[in-house]
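Participant: Dropping a structure here in structure tokens format, bear with me for questions.
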Amino acid sequence: MPVKSLLEEELNEKLSFLGGLAAACRDQVHTDIEVKPGHNGPSLFAHRALLPARSEIFKNMLDSEGCKAAPSNTITLPELNHEELDSLLDFLYSGATTAGQAYEAIMEIKLLQWQPWLE
């Protein structure tokens with residue numbers, strides 16, 4: 001199998017995986033931690049295992065003794081409003097900060113797939 005096809009297949013699998021994670025968060029499928037913004041904004045829900053895997057800050061917060069209770073814990077980030085927290089979670093789940101950046105990243109990957117040096 002040509003290198004280009006192998007690379008394309010691998011990238012498509014990774015994009016599909018990330019898309020599935022983002023959809024699971026958006027649809028609140030098996031979310032197990034509440035993340036609250038400051039200023040009494042509405043909470044968002046996430047996956048406890050993903051947060052520390054993608055962020056040192058969340059890793060430190062969840063590794064502290066106070067967070068070793070049941071998975072129904074709540075994390076409050078008083079310095080972020082709802083929109084900022086939503087953007088942060090989007091970034092953690094997808095690697096992009098906006099839909100436009102996600103599209104640009106996908107297009108960049110697709111362009112790299114068709115470079116002649118990959119044949």
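Participant: Want the number for S16 to T74: 0.36 nm per residue separation, take away the alpha-carbon distance, what's left?
Facilitator: Fully extending the segment from S16 to T74 adds 18.0 nm.
Participant: Let me ask something else about it. Give me the net charge of F91's neighbourhood, meaning all other residues with Cβ under 12 Å from the Cβ of F91; Lys, Arg count +1, Asp, Glu -1.
Facilitator: -2
Participant: Still on this structure, I have one more. Take H39 and D86, extend 7 Å from each Cα along the Cα→Cβ direction, and tell me the distance between the two endpoints in nm.
Facilitator: That separation, rounded to one decimal, is 1.3 nm.
Participant: What residues qualify as long-range amide H neighbours of I33, i.e. H under 5 Å apart, gap of 5 or more or another chain, H built at 1.01 Å from N?
Facilitator: Long-range HN contacts for I33: A46, R48.
Each reported figure results from applying straightforward, stated rules to the coordinates on display, with no laboratory input. Predicted model, so just to flag it, every value in this text is computed and none were measured. Positions of Cβ are backbone-derived with ideal geometry, glycine not excepted, and every protein chain shown enters the neighbour counts.
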